[in-house]
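See below for the structure under consideration.
The values are calculated or read from the model by the stated rules, or taken from the named source; none is laboratory data. These figures come from a predicted structure and were not determined experimentally. FYI the Cβ positions are ideal-geometry reconstructions off the backbone, even for glycines, and counts take in every protein chain you see. Note: accessible area is taken over every heavy atom of the protein model, side chains too, but ligands, DNA and RNA are not part of it. Shrake-Rupley method; radii C 1.70, N 1.55, O 1.52, S 1.80 Å.
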Amino acid sequence: SNSTFDGVARSLWVWLDADAGAGNAYIGLGTSAKYYIYFGGVYNDITPIVQTDTLTNPFTTTSASATVTVVDSAYSPSVGDFVTFSGAGTAGGILINGDYRVQTVPTATSYTITSSATATSTTTGGGTVTAAYEYPTGLNVYSIGTGWGTGPYSRGTWSSSYSAGVGQQLRLWSNDNFGADFVIAPRGGPVFYWQDANGVGTRAQYLSNLANSTTALTDASTFLISATSITVTAANAPSIFPYMVITGTGIPAGTKVAASYVTGSTTVPITSTTTAGSSGNYTFSYAGSFVPSSTYQVITSEVQEFLICFGANPYSPNNAATTFNPMVVRWSDQANAYQWIPQTSNQSGEYLLTNGSYIMGARATRQEILIWTDSAIYSMQYLGAPYVWGFQILMDNISVISPNA
């Protein structure tokens, strides 16, 4: 390769897309700092963007120094995180565009980066700048702390020593291809999705955001100006769920079906007040709020075309913010990575494992998916509707030493 990557490599995944001929061969590479797709001799950075801010004259330079202070009151990165600047003008004689690593964080609203050149003057400037913050970097070693302040308050008995320590999660990535597309997740983090059709020059996105922007159905809804609810057709009512995003004339951007909505009712409460009367058809997205917000591992079932999370927040019809359960297995609808609401009309669902306290890892084999908890091994096999997946414990008092073992 004629390029390099940042961080310590922790995961590799190879797959082909469906382009004409033999297809394109990709290598997914997850490191402690970023996620890349290696293609054409180059490590293409697809690390997801978690927040994008527009800043005005955010750079402060010091004459003869390469250190630049950046002010942003809307986001505070950590040391070692990455930020990409675009649209900037010169400040102190240097142009600050491209990818930079945060060096220090002196205050809650500022941080420093190192420029490739030294400033010719001490000044504040840069003009209107777009700052795109990447998913935070992770640890490249597993560390255990035992000192004062480590772990929860009141652990152990009063005045007793505490030597077990509290571990900090090493950055591990799970990855799998979903057809020609690609799905990744940092252990303990959200699910991200990279779309092959957009090319290697684009970044992975939150799967929940893609679900929110993908149309699930259209409906000739009716409502008046300043309304807090809309009326939908009886035929579509059973397929409308809380947290779906609604778009169309008279609907403010970001409006969703309210959490209180009971699926099947033709009267749908919404989260914003309409700005005009109804006109034409309206689109309802998939409910991205029900995509698991964090997981230990994500894989796909290639033959059956399911996206599966091992460790997840369980589904609750009117509550998208349920507590993460390290023993829950959740899966999307068949051949639809955006639908995570279990219904008799689809094959999305979940299952709670009971032997163990957390899922260590899972591996797909030719006949089944094997799941290790910290104390047992399960077999997960496809049954078809209505049960979808069946789970059988193969042996207890057994596990693997780590997720990558």
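A compact table of results
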| item | result |
| --- | --- |
| Among residues of region 356-365, those that are surrounded by 19 or more Cβ atoms within 10 Å (Cβ to Cβ) and of a type in the set (S, T, N, Q), counted | 0 |
| Yes/no for residue 130 being hydroxyl-bearing (Ser, Thr, Tyr) and either surrounded by 15 or more Cβ atoms within 10 Å (Cβ to Cβ) or over 25 Å from the mean Cα position of the chain (by Cα) (or both) | no |
| Flag if residue 301 is in contact (Cβ under 8 Å) with a residue 60 or more places away in the chain, more than 16 Å from residue 220 (Cβ to Cβ) and among the small types (Gly, Ala, Ser) | yes |
| Residue among 6, 53 that is over 29 Å from residue 363 (Cβ atoms) and at pLDDT 95 or above | 53 |
| First in region 384-405 and free of Cβ contacts under 8 Å to residues at least 12 places away in the same chain, second anywhere and open to solvent by 90 Å² or more (accessible area, probe 1.4 Å), Cβ under 7 Å, 6 or more apart | 390/383 |
| Looking only at region 192-208, and only at residues there that are touching a residue at least 60 places away in the same chain (Cβ under 8 Å) and hydrophobic (A, V, I, L, M, F, W, C), the one that is farthest from residue 175 (Cα to Cα) | 200 |
| Of residues in region 106-125 being over 31 Å from the mean Cα position of the chain (by Cα) and surrounded by 15 or more Cβ atoms within 10 Å (Cβ to Cβ), the one nearest to residue 75 (Cα to Cα) | 125 |
| Among residues of region 114-138, those that are assigned to a strand (DSSP E or B) and hydroxyl-bearing (Ser, Thr, Tyr), counted | 6 |
| Hey, residue 273 farther than 22 Å from residue 209 by Cα and surrounded by fewer than 16 Cβ atoms within 10 Å (Cβ to Cβ) or not | yes |
| Residues of region 366-397 satisfying the condition of being open to solvent by 70 Å² or more (accessible area, probe 1.4 Å) and of a type outside the set (A, V, I, L, M) | 366, 367, 381, 382, 386, 387, 392, 396, 397 |
| Residue in region 81-104 that is farthest from residue 122 (Cα to Cα), counting only those that are open to solvent by 40 Å² or more (accessible area, probe 1.4 Å) and part of a loop (DSSP other than H, G, I, E, B) | 87 |
| Residue within region 337-344 that is β-branched (Val, Ile, Thr), in contact with a helix residue (DSSP H, G or I) (Cβ under 6 Å, 6 or more places away or on another chain) and more than 13 Å from residue 298 (Cβ to Cβ) present | yes |
| Only listed residue being open to solvent by less than 10 Å² (accessible area, probe 1.4 Å), closer than 19 Å to residue 209 by Cα and not β-branched (Val, Ile, Thr), chosen from 306, 310 | 306 |
| Region 329-342, residues that are without any contact (Cβ under 8 Å) to a residue 60 or more places away in the chain and more than 14 Å from residue 314 (Cβ to Cβ) | 332, 333, 334, 335, 336 |
| Hits in region 165-204 - residues which are of a type in the set (Gly, Ala, Ser) and either closer than 20 Å to residue 40 by Cα or assigned to a strand (DSSP E or B) (or both) | 167, 174, 180, 185, 189, 197, 199, 201, 204 |
| Any hit, region 344-355, residues being open to solvent by 30 Å² or more (accessible area, probe 1.4 Å) and modelled with pLDDT under 95 | yes |
| Check on residue 331, open to solvent by less than 30 Å² (accessible area, probe 1.4 Å) and touching a Gly at 6+ places or on another chain (Cβ under 7 Å) | yes |
| Residue among 65, 78, 73 that is closer than 18 Å to residue 54 by Cβ and of a type in the set (S, T, N, Q) | 73 |
| Qualifying residue in region 160-170 (condition: surrounded by 18 or more Cβ atoms within 10 Å (Cβ to Cβ), modelled with pLDDT under 95, at negative phi and out of contact with any Asp or Glu (no Cβ under 6 Å at 6 or more places or on another chain)) | yes |
| Qualifying strands (runs of 3 or more DSSP E) (wholly inside region 1-80; at least 2 residues being open to solvent by 40 Å² or more (accessible area, probe 1.4 Å) and touching a Pro at 6+ places or on another chain (Cβ under 8 Å)) | 67-71 |
